[in-house]
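Trainee: Have a look at this one.
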Amino acid sequence: MISKKILIRFILASCAFHVVFLLLAGILISAGSSVPAETFTIQLTDMPMKQADDSKKEEVKKDLSLDKPRKEQASGPEETVDLANPSGKYRAYLRELRRRIESLWSYPQDSFSRNETGTTVVRFSIHSDGALAATDIVSSSGFESLDRGALAVVQAAAPYSPFPETFSLSTLHIVAKFEYELD
């Protein structure tokens, strides 16, 4: 009997300790992060209205080739970042880049009419002067039209802003996920 009472008291004390510990940890974490977490996943839920600047998008789409991505070799330091989780050093640059891409991005008309959905992961490289150096499909959506749309918007948004001097890079490789969803 005594061992059961001791065991129950020990379990209750342990539960109380863990609840207090988790509450304190939650308070400390929420007090320490004044900047809200941001996700950089690009997502489209409705067919957007046609914009006046569609001519640049159409030009790029005509020149795309999924079989032969354009690549150039660069000399000097390089780094790869995920657009969804940028490090602090590149955060402002990537936020501007994301806005630029989102302003040009639209659901490919033929994919929209066929109700095609999927996620395309693109890796693209930018030289320090802002020139687009390379584009590649890392993971296909399963639909060529959606993959071409993701490549087209990355190319249409070029040239990008030159790197700030604090980057000290010749090339920045960026991985971006394009989620095509229909609601």
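The values are calculated or read from the model by the stated rules, or taken from the named source; none is laboratory data. This is a predicted model, so every value here is computed, not measured. Here the Cβ positions follow ideal geometry from the backbone for every residue, glycine too, while neighbour counts run over all protein chains shown.
Trainee: Suppose we keep only residues that are among the hydrophobic types (A, V, I, L, M, F, W, C) and either on the phi > 0 side of the Ramachandran plot or in contact with a helix residue (DSSP H, G or I) (Cβ under 8 Å, 6 or more places away or on another chain) (or both) within the stretch 152-166. Which one would you say is surrounded by the fewest Cβ atoms within 10 Å (Cβ to Cβ)?
Mentor: Only one residue fits best here, namely Phe163.
Trainee: Given Ser103, Ser55, Ser75, which one is at pLDDT below 90, of a type in the set (Gly, Ala, Ser) and over 26 Å from Leu169 (Cα atoms)?
Mentor: Residue meeting the stated conditions: Ser55.
Trainee: Any idea which of (1) out of contact with any strand residue (DSSP E or B) (no Cβ under 8 Å at 6 or more places or on another chain); (2) assigned to a loop (DSSP other than H, G, I, E, B); (3) over 26 Å from Gly76 (Cβ atoms) is the one Gly130 doesn't satisfy?
Mentor: Exception for Gly130: condition (3).
Trainee: Looking only at the stretch 82-117, count every residue that is closer than 18 Å to Gly149 by Cα, of a type in the set (Phe, Trp, Tyr) and in a loop (DSSP other than H, G, I, E, B) and tell me the total.
Mentor: 2
Trainee: For the stretch 149-183, what are the residues that are more than 22 Å from Ser113 (Cα to Cα), assigned to a loop (DSSP other than H, G, I, E, B) and either not aromatic (Phe, Trp, Tyr) or not assigned by TED's automatic domain parsing to the domain that holds Thr119 (or both)?
Mentor: Ala157, Ala158, Pro159, Ser161, Pro162, Pro164, Ser168, Leu169, Ser170
Trainee: Return a yes/no flag: does the stretch 119-134 have any residue that is within 13 Å of Phe178 (Cα to Cα) and surrounded by fewer than 17 Cβ atoms within 10 Å (Cβ to Cβ).
Mentor: No; the residues of the stretch 119-134 include none that is within 13 Å of Phe178 (Cα to Cα) and surrounded by fewer than 17 Cβ atoms within 10 Å (Cβ to Cβ).
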